[in-house]
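The values are calculated or read from the model by the stated rules, or taken from the named source; none is laboratory data. Just so we're clear, the structure is a prediction, and the values are computed from it rather than from any experiment. In this analysis, Cβ positions are derived from the backbone assuming ideal geometry, glycine residues included, and neighbour counts consider all displayed protein chains. Only protein heavy atoms, including side chains, enter the accessible area calculation; ligands, DNA and RNA are left aside. Shrake-Rupley method; radii C 1.70, N 1.55, O 1.52, S 1.80 Å.
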Amino acid sequence: MASNVNRRVTLASRPVGFPQESDFSLDEAEVPSPGPGEVLVRSLWVSVDPYQRGRMSTQRSYAKGLELGDVVTAQAVGEVVESNDPRYAPGDVVLGQLGWQDYAVARGGALRKVPPGIEPQLALHVLGQTGLTAYFGLLDVGKAVAGDAVVVSAAAGAVGSIAGQIARIAGCRTVGIAGGADKLEDLRDLYRFDEAIDYKGGYVRTALKAACPEGVDVYFDNVGGEISAAVHPRMNVGARIAICGQVSQYNAERPEPTFYPQLLIVYRARMQGFLVTDYAHRFGEAIPRLARWVASGEIRYRETVTEGLENAPCAFIGMLNGENRGKALVKVSA
């Protein structure tokens, strides 16, 4: 039986520049009741992701932004409490866009069952949106093939770490860019990149020249900004740039893109942005492959877990600051 109280993390004010804890509010409401075809879910884990920053803005984007007072949008894994959809029964573990809250009602068609036998939170990263983003971004958008030199920015993060490992599986030479000694250790020892570059140490251009003496064939771009500006001149003719994110620009009051379009002419290169939802019709192809790679140890992962729904804003701000190693998650309940 559900509790009578539903804690919710809502948007209290629109962040100006970098988000602050005061931009969020923790309130309480009654637990909602599911209508026909709907399911009531109790959250177990909620996700923390860079894209959420864009939802807090009024700028035009690929999805409608949050209004003040709205529950912060997020993917979550939870347990079905009550179901008016014959496909789900109480006790089923499901994945959906449920937000930062204890309980959520969703249409049955908007949920996906988490297969038994896996840790539920993996559906929020390596076997979910994170892994799927890396898979399609690298193989479909980046078109990485054996022998390519692949550079990944934010390579110790949730998506970047998996993109680099898929490149390695595909037979590519992998170069990861991250910040700090701990993350570089992860790149070399846990994720097995061929080369690791510390952007905090400066001299990224020099390090890239040493790591990619014959140039870069694929750049998996998670950050934009100065790091990407250092990669672009190293591109080979026919190179591919997959734009997954631009986290260096998300909190800037006046974003300053650092790409010069004439480089696409010089290198006859292709740059493409993408959303993982563009490939929803192919998730059934990718998830079993990702699961096999995880089971065999070809893909490894790390989690940074914050306990308690009330601490989701802190986890979010920490993730934007680069404090997470691997996937940032909030554990709501056991």
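Scanning the range 113-142 for residues that are open to solvent by 40 Å² or more (accessible area, probe 1.4 Å) and in contact with a Pro (Cβ under 7 Å, 6 or more places away or on another chain) turns up nothing. For the structure I just gave you, tell me whether D217 is closer than 25 Å to V48 by Cα, among the acidic types (D, E) and either buried (at least 18 other Cβ atoms within 10 Å of the Cβ) or modelled with pLDDT of 95 or more (or both). No.
The residue of the range 279-334 that is nearest to G157 (Cα to Cα), among those that are in a strand (DSSP E or B) and polar (S, T, N, Q), is T304. Residues of the range 318-334 that are touching a strand residue (DSSP E or B) at 6+ places or on another chain (Cβ under 9 Å) and buried (at least 19 other Cβ atoms within 10 Å of the Cβ): M319, N324, R325, G326, K327, A328, L329, V330, V332.
Here is a yes/no grid of residues against (1) open to solvent by less than 70 Å² (accessible area, probe 1.4 Å); (2) modelled with pLDDT under 95; (3) under 27 Å from E323 (Cα atoms); (4) among the charged types (D, E, K, R):
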{"position": "A230", "(1), (2), (3), (4)": "yes, yes, yes, no"}
{"position": "P233", "(1), (2), (3), (4)": "yes, yes, no, no"}
{"position": "V237", "(1), (2), (3), (4)": "no, no, no, no"}
{"position": "A242", "(1), (2), (3), (4)": "yes, no, yes, no"}
{"position": "Q246", "(1), (2), (3), (4)": "yes, yes, yes, no"}
{"position": "Y250", "(1), (2), (3), (4)": "no, yes, yes, no"}
{"position": "Q262", "(1), (2), (3), (4)": "no, yes, no, no"}
{"position": "R289", "(1), (2), (3), (4)": "no, no, no, yes"}
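When the test is whether a residue is open to solvent by 40 Å² or more (accessible area, probe 1.4 Å) and either more than 23 Å from the chain's Cα centre (by Cα) or more than 14 Å from A154 (Cα to Cα) (or both), Y203 passes it. Counted as qualifying within the range 176-240 are the helices (runs of 4 or more DSSP H) with 2 or more residues that are in contact with a Ser or Thr (Cβ under 8 Å, 6 or more places away or on another chain), namely 225-231.
Just checking, does the range 295-313 include any residue being open to solvent by less than 40 Å² (accessible area, probe 1.4 Å) and farther than 25 Å from V72 by Cβ? Checking the range 295-313: at least one residue is open to solvent by less than 40 Å² (accessible area, probe 1.4 Å) and farther than 25 Å from V72 by Cβ.
Residues in the range 143-188 that are open to solvent by less than 10 Å² (accessible area, probe 1.4 Å) and among the charged types (D, E, K, R): 1 in all. If you go through the range 111-127 and keep only what is among the small types (G, A, S) and at pLDDT 95 or above, you end up with just A123.
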